[in-house]
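Note sheet for the following structure.
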Amino acid sequence: MLNTLEAVLAAAERGAPPAPDGGLTVVAQPSPRDLGVIAFTGHTVVFADLPPAWVRERLPAGDLSAPVNPPFLLELGLRTGRSAGNLDLLAVAGPLPGPPPLALREATASGHPRVERALAYRAEVRVWTCEGGLLTVGRGVAGRWEAAVEVEPGHRGRGLGRLLATAARHLAARPLWAQIAPGNAASVRAFLAAGYVPIGSEVLLIPR
């Protein structure tokens, strides 16, 4: 029974996301921090500590785009005291055996903006660096493992992003999720080339 966000994500990791039935699932927040909307193919999941009836009353039946469109997100934000963040592509990939495809150094401290963001939104964050690049892995929404990469401007266009995204799969024992801004085409290409499979889109609502 997919009655928690953790159960929904675990099923999606196994290749069994919610059925594309045009439906809507409303579940509780997995933590006080995490509130938002995930749109799978033909099915949307809203995770918020709100009455399901309140959510359903504000979403036109059959409108699959409504849960991630501004009118609903604005109402959801006003009700919860939050603001909608980016609409991100969600992709997932399983772990890979063996060592990473490039030499990495684990870092214990960093003032890099990517690391600071990871520490703000994830737990158990680990950071690795290489010449021209950085990789973070940590536990994000509903405890799922999430990967993010950053490539310095002078090292872009050489496949380093793909190698870092692939390396993450060698460093994790569980499936890894990536949240990617669709407009960041280079990052989208890197994660797709590293074997991450698009599975939906996500909007998180951040406290004001």
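I'd like to know if the range 114-131 contains one or more residues that are touching a Cys at 6+ places or on another chain (Cβ under 9 Å) and either among the β-branched types (Val, Ile, Thr) or touching a residue at least 12 places away in the same chain (Cβ under 8 Å) (or both). Scanning the range 114-131 turns up no residue that is touching a Cys at 6+ places or on another chain (Cβ under 9 Å) and either among the β-branched types (Val, Ile, Thr) or touching a residue at least 12 places away in the same chain (Cβ under 8 Å) (or both). Just one of the listed residues (Thr108, Thr129, Thr136) is assigned by TED's automatic domain parsing to the domain that holds Val188 and in contact with a Phe, Trp or Tyr (Cβ under 9 Å, 6 or more places away or on another chain), namely Thr136.
Here Pro20 meets each of (1) without any contact (Cβ under 8 Å) to a residue 60 or more places away in the chain; (2) out of contact with any Gly (no Cβ under 6 Å at 6 or more places or on another chain); (3) under 16 Å from Ile199 (Cα atoms) with one exception, condition (2). Glu150 meets the stated requirement of being closer than 28 Å to Pro30 by Cβ, at pLDDT below 95, of a type outside the set (Ser, Thr, Tyr) and touching a His at 6+ places or on another chain (Cβ under 8 Å). When you scan the range 60-73, do you find a residue that is modelled with pLDDT of 95 or more, of a type in the set (Phe, Trp, Tyr) and under 19 Å from the mean Cα position of the chain (by Cα), even just one? No; the residues of the range 60-73 include none that is modelled with pLDDT of 95 or more, of a type in the set (Phe, Trp, Tyr) and under 19 Å from the mean Cα position of the chain (by Cα).
Would you check which residues across the range 179-207 are closer than 20 Å to Gly85 by Cβ, not in a strand (DSSP E or B) and not small (Gly, Ala, Ser) and list them? Selection gives Pro182, Asn184, Val188, Phe191. From the list Val92, Val26, Val55, the lone residue that is touching a Pro at 6+ places or on another chain (Cβ under 7 Å), more than 21 Å from Ala167 (Cβ to Cβ), modelled with pLDDT of 95 or more and not in a loop (DSSP other than H, G, I, E, B) is Val26.
Under the condition of being assigned to a loop (DSSP other than H, G, I, E, B) and touching a helix residue (DSSP H, G or I) at 6+ places or on another chain (Cβ under 8 Å), which residue from the range 5-23 is farthest from Pro175 (Cα to Cα)? Spell out how you get there, then give the answer.
Of the residues in the range 5-23, the ones assigned to a loop (DSSP other than H, G, I, E, B) are 14-22.
In the following step, the residues that additionally are touching a helix residue (DSSP H, G or I) at 6+ places or on another chain (Cβ under 8 Å) were identified as 17-18.
Values: Pro17: 14, Pro18: 18 Å.
Applying the filter and picking the extreme gives Pro18.
The values are calculated or read from the model by the stated rules, or taken from the named source; none is laboratory data. The structure displayed is predicted, hence computed values, not measured ones. All Cβ positions, even for glycine, are placed from backbone atoms using ideal geometry, and neighbour counts span all protein chains on display.
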